[in-house]
Structure formats: C-alpha cells, structure tokens
1. By the scheme Lys and Arg +1, Asp and Glu -1, what is the net charge of all other residues having a beta-carbon under 15 Å from that of Thr84?
2. Could you sort out which of Lys42/Lys65; Lys9/Lys38; Lys65/Lys146 sit more than 32 Å apart by Cα distance in this structure?
3. Whole percent per 10 Å bin, from 0 to the bin with the longest distance: what is P(r) over all C-alpha pairs of the range 60-117?
4. Looking at the chain as a GNM with Cα springs under 10 Å, which of Lys65, Lys42, Lys103 has the largest mean-square fluctuation?
5. Please give the calculated 222 nm ellipticity per residue for the chain, where each DSSP H segment of at least 4 residues contributes -39500 (n - 2.57) and the sum is spread over every residue; nearest 500 deg cm²/dmol?
6. By per-residue mean of other Cβ atoms within 10 Å, what is the highest-first order of 31-39, 171-179?
7. Order these peptides, 149-155, 46-52, 19-25, by their mean beta-carbon neighbour count within 10 angstrom, highest first.
8. Give me the net charge of Cys28's neighbourhood, meaning all other residues with Cβ under 10 Å from the Cβ of Cys28; Lys, Arg count +1, Asp, Glu -1.
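What follows is calculated from the coordinates using simple rules that are stated; it is not laboratory data. It should be emphasised that the depicted structure is a prediction, and the values quoted were computed from it without experimental measurement. Here the Cβ is made from the backbone with ideal geometry for all residues, glycine too, and neighbour counts use every protein chain on show.
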Amino acid sequence: MKTNIRIKKKCEYCKEEFVAKTTKTRYCCHRCNQKGYKQNMKQNKIATTEKATKLDIINVDELNKKDFLTAKEAAYILNMSLRTVYRLIQSKELNAYNFSERKTLVRRKDIDMYFDLSLNDINIDKSHLKELINLENSYTMDEVQKKYNISSSALFNLIKRLEIQKKQVGKHVLVRKEDIDKIFAP
C-alpha cells in the first residue's frame, strides 16, 4: 500500500527537520532510529535502577512523635539491621508485641529503657570467689526470674555477658543478691 502523504517532522534524535512519508515516523534516517532506540533503552535502564535503589527516607521528627514503632522504624532509630532488631525481640532484650505475622510494634519507651539499662556501665565486682556465695546472701535462678519477671534464657545470657559469678548447690544455681540487685535496680 503506497501513500502520497508528505509530512514535515522533526527528528527525535538529531532534531533536524525532514519529510516523513507516514504519520508514525519519528526519525529522519535509519542511523538516527538506531541511536534513538539505544538512547531510550539507556534512559529506561537508568530510571529502573534509580527506582530500585531509591531509599525510603524516614522523617526522624515523625518517628520521635510516635509512641509505637514498627520493627523497621526501630531498626532505623537504633541504627541496626532489621534482622538484629528481630533477634533482640526474640531474645526478649527488647519488648515488642506481634499483632500478626507482618505487624510487630515496639513501644518507644521500651527502646529508651533498652539504653537506660546500659549494662556495660554497671560495675560489678567480679573478684568474688564462688566460696562467698551461700544460701543467705544469694538468690536462686527461680527467685530472680519471679522477682524481676525475666525469662530463664534472658537471665542466663545476662549473667554470661556480665560475667557474674554463680554457684551450683545441689539442683539450684545461686547468684549473689548484691550483683543481681545492681543490674535490676532503677
């Protein structure tokens, strides 16, 4: 099918004026068509990459006003990875409530308390020998768990991290009251 249409158009690549024989023609020659196609593909790749790598910038002022934060927001505030925040939640070091599989909320107050406890700043005298631990001046692990409402794994991790002396007496593990009270004292 041959047409006698002659339309003056501007080439999309070189911007020169040319006479097109169809209404869909965009380029003046085959070479401009090839270069224009490559340029469009390059721009599409750049746009796709920018879209994929575009970071969600979280407004810190908005986060400071919130009482409850998602795990992702808590990770942003703590400058930790999301996986680390979930690990802290799982090990009961950071209190959180799991509403569903995809919705875990952390109270802002709990994040602040996480730093207030500052376990590294507590100076516990570690020079005590195990012989100084006896039933009169010590708690059993069960007593500590009930008194301070802490899980057994969290308590053992805490004792291990702070290198608190403990002593096995029969079926009970004893820890000095003085050392435990220093940790949990407000």
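1. +2
2. Lys42/Lys65; Lys65/Lys146
3. 24, 63, 13
4. Between Lys65, Lys42, Lys103, it is Lys42 that shows the largest mean-square fluctuation.
5. -13500 deg cm²/dmol
6. Details: 31-39: 13.7, 171-179: 16.8.
Answer by packing, highest mean first, reads 171-179, 31-39.
7. On the way: 149-155: 13.1, 46-52: 9.1, 19-25: 11.0.
In decreasing order of mean packing, 149-155, 46-52, 19-25 become 149-155, 19-25, 46-52.
8. Result for the neighbourhood of Cys28: +2.
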